[in-house]
1. Kindly list, by first and then second residue, each pair from a residue in the range 226-244 that is over 18 Å from ARG115 (Cα atoms) and among the basic types (Lys, Arg) to a residue that is within 12 Å of the ligand (Cβ to nearest atom) and outside any loop (DSSP other than H, G, I, E, B), limited to pairs with Cβ atoms under 8 Å and residues at least 6 apart or on different chains.
2. Give the residues of the range 136-172 that are hydrophobic (A, V, I, L, M, F, W, C), over 21 Å from HIS226 (Cα atoms) and outside any helix (DSSP H, G or I), sorted by residue number.
3. Return the pair list, or none, for Cβ contacts closer than 7 Å from residues in the range 317-330 that are more than 12 Å from the ligand (Cβ to nearest atom) and among the basic types (Lys, Arg) to residues that are at pLDDT below 95 and not in a helix (DSSP H, G or I), at least 6 apart or on different chains.
4. When you go through LEU347, LEU309, LEU286 one by one, which is the residue that is touching a helix residue (DSSP H, G or I) at 6+ places or on another chain (Cβ under 9 Å), at pLDDT below 95, in a loop (DSSP other than H, G, I, E, B) and of a type in the set (A, V, I, L, M)?
5. Criterion first (hydrophobic (A, V, I, L, M, F, W, C), modelled with pLDDT of 95 or more and closer than 25 Å to SER217 by Cβ) does ILE315 satisfy it?
6. Go over the candidates LEU347, LEU309, LEU329 one by one and state the one that is aliphatic (A, V, I, L, M) and under 18 Å from the mean Cα position of the chain (by Cα).
7. Please give the number of the condition ASP241 fails out of (1) acidic (Asp, Glu); (2) farther than 25 Å from PRO150 by Cβ; (3) more than 16 Å from the ligand (Cβ to nearest atom).
8. Could you tell me how many of the residues in the range 288-305 are surrounded by 22 or more Cβ atoms within 10 Å (Cβ to Cβ) and among the polar types (S, T, N, Q)?
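The values are calculated or read from the model by the stated rules, or taken from the named source; none is laboratory data. Quantities reported herein were computed from a predicted structural model and do not represent experimental measurements. Reconstructed Cβ throughout: ideal geometry from the backbone, glycine too, with neighbour counts over all protein chains shown.
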Amino acid sequence: MTELQDLVDQAERAFADVDHAAALEDAKARFLGKSGAITALMKELAQLAPDQKRARGAAINLAKQAVEHALQARREALAEAELTSRLTAQAIDVTLDGRGQLGGGIHPVVRSWIRIEEIFRSIGFDVADGPEIEDDWTNFTALNSPQNHPARSMQDTFYVDVNDARGQPLLLRTHTSPMQVRHARAQVRAHAETSPGMSTLADIRVIAPGRTYRVDSDATHSPMFHQFEGLWIGRDVSMADLKGVYTGFLHAFFERDDIKLRFRPSYFPFTEPSAEVDMMFDSGPLRGRWLEISGAGQVHPAVVRNFGLDPEVFIGFAFGSGIERLTMLRYGIGDLRQFYAGDLRFLEQFNPA
Ligand code: PHE
């Protein structure tokens, strides 16, 4: 019987030696297959005498069952090991940090835009909005720059290949000043619908922030840029009011009081007198330098007339400031093109996680 026991031991060792299911089936064939060792013993039974046959047969059967039992145990162990290793490989570590969602951020120029609206609303200005594709009359003529006026070449214009009702090509607005015309005319029209004259017209106080376009591109100019227009038309609104409003705005925008303002005589067709507004910080890295930030002036009587108002009665000021420019000064940004390069390393600084 030790011979059968040896065979069972051999089979157990052979099964233990394999480490995957296919190899186990090969090992099985060597013992239980058609020409396997156990099968060979069964075949030998035929040559034995009947009384020997029974005892021998029973013994071989026991050995066969032992081999089958070992085979089954090994199968289960291998399947178990395979499952475990697959689960380990596919394991999800639920304690790891999530990848998170890349949240959008607010562009620094838009952040300034929002702040500018908040500041002007807080002192009673409306906020108006209008088309970026503008007609020639509103962008130029109504603002006292008739056709062929040399002042038109102050701004290099992108034209659109479509004519308006007056037969003039549409254009990308070169400044937000056409919003003076649109907003003032809309106020005047709305007032005329309910009241007989303009004597009860409330002051027109508005800012109009938005995109503007010029054929221009370098470190301080982009073909698309942002301005906000300011307009205050009333009955005794002066350049002194402009200075007061603009100084208050700068203090709020830069969140500091050590700012000086200077009005430098200039020329715009739609204001008279006209000024460039310069500012200076009294401290910090830009200390002591005059920085140009805005065009401004008293609205020209011809423009007031185009608003639909009598310039003998209505007077006021307008200004147009660059939002990129103010943003660069607020954050100390040297190159305007950074705003439009789409570099997340730059943009993320304005949206801390
Ligand atoms: N529209 C002028 C510009 O873009 C700025 C300006 C606005 C000047 C209003 C005076 C009054 O350069």
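1. Every condition considered, the pairs that remain are LYS243/PHE263.
2. Across the range 136-172, the qualifying residues are VAL162, ALA165.
3. none
4. Result of the check over LEU347, LEU309, LEU286: LEU286.
5. Here the answer is no, as ILE315 does not meet what is asked.
6. The match here is LEU347.
7. It fails just one condition, (3).
8. Total meeting the criteria: 1.
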